[in-house]
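Please treat every number below as a calculation from the coordinates, not as lab data. What you see is a predicted model, and the numbers here were worked out from it, not measured in a lab. Note that we place each Cβ from the backbone using ideal geometry, even for glycine, and neighbour counts take in every protein chain shown.
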DNA sequence: TTTAATTTCTATTTTGAAGTGGAATTTTGT
DNA sequence: ACAAAATTCCACTTCAAAATAGAAATTAAA
C-alpha cells in the first residue's frame, strides 16, 4: 500500500501520542521526537485540529491533546482528514463505473482484498496502536 | 489501494490488449479505445517497451505486441516498470527499520494484509485479466 | 523510390503534494 | 501589565508526477 507521506506523518503523530505518557503534546515536543519537518508538522497539527481529531490548547504550556477517546479515532478518520479516503475506495484501474454488474477486468479478484484494506482502516483505532510489549521505536 | 495514475494506465493497456482480438495494437488504436491522453500514452508505451513487457513494431502498420506470453507478465512487473514496487513493500508508517524484531505500532496488524496485496500483484498475470463472461467494458 | 503510417527522442509546461518563511494571534505564568 | 510560549495564518518555494509539444527516425506498402 501506499499512503501519502502526509498520512504517514499523521499516523505517526497519533502512534507516538498514544504511546507516550505526556498529557499535552506541544508542537516542539513532537518535532523533537518524530522525524517530520517542523513547519510541515505544525501545519499538519492545525489541519488535524480542524478535523476535530486533536484539540489545541493555546498559549503558554499549551499543545495538543486527543479531541476524543483514542478508541473513537480510526485510521480511516485520520487518512480521510489529510488526503481523503476516496482514492482507496475507487476502482484499481481507475474506472468510474466499476462494480459487480459492470466490473473491470480486475474487479472480482481485487474487490475482496480492497474490502479487507478498508475494513482495516475503518476498524483499527488509535487505541489499537498502543504498545503492549514495550518494544516499539519512534 | 492507490496505484499511481500511470500504473492504472499501464494496467488498462494490458487489460485492453488481452481482451481484444487484434494482433498488433497501434498507439492510435489504443488512444481511441483507452481514455488516456495521447502523448502520455505514447510515452508510456515506449517505457513499457524498454522494460521488455511489450515489443514495438516500427514503421507502417506497426504497433505493439506482448513481449512474452501473457501468463508470464504479472501486475507487479507492470507496476514495477512504471513506478517501482518499493513503495508497496515499505512500512506503512514510513519507518526504515520496521520488521518483526523492531515493529512499528501497526506492523503486526498490517503485515499480513500487505503480504496479501503483494501476493496479489505478484501472482496475478495479464492472462488472468482475460474476460471469461463477456461483460467487461473499457 | 516515394509516401504514409508508425514509433522514438528531447524538451517543456502544468499540477498537486511536500516543504519553508515570517508575522500575527492567543493564552498563561510571573 | 508584561513577556514567554505556544498555536494560527498567509504566502511562497521546491519537487516529482502528469501532461504536452514538435521534430526525428524507422519501416513497409504502393
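For chain B, the mean residue ellipticity at 222 nm estimated from helices alone is -13500 deg cm²/dmol, where every DSSP H run of n ≥ 4 contributes -39500 (n - 2.57) and the total is divided by all residues, rounded to the nearest 500. Along its principal axes, the range A:1-62 has C-alpha extents of 39, 23, 19 angstrom, given from the largest down.
According to the Kirkwood relation over distinct C-alpha pairs, the hydrodynamic radius of the protein assembly as shown is 20.8 Å.
Placing a label point 7 Å from Cα along the Cα-to-Cβ direction at residue B:55 gives distances to the equivalent points in the other copies of 6.8 nm, listed shortest first.
Distances, shortest first, from the label point of residue B:37 to those at the same position in the other copies read 2.5 nm; the point lies 7 Å along Cα to C-beta. Annotation for residue B:90, label-to-label distances across the other copies: 2.2 nm (shortest first, one decimal, point 7 Å from Cα along Cα→Cβ).
Coordinate range of the alpha-carbon atoms in the range B:5-129 per principal axis, descending: 58, 26, 22 Å.
Can you give me the relative contact order of chain B as a percent, contacts being Cα pairs under 8 Å and 6 or more apart?
Details: 139 pairs, mean separation 39.8, N = 138.
Computed over chain B, the figure is 29 percent.
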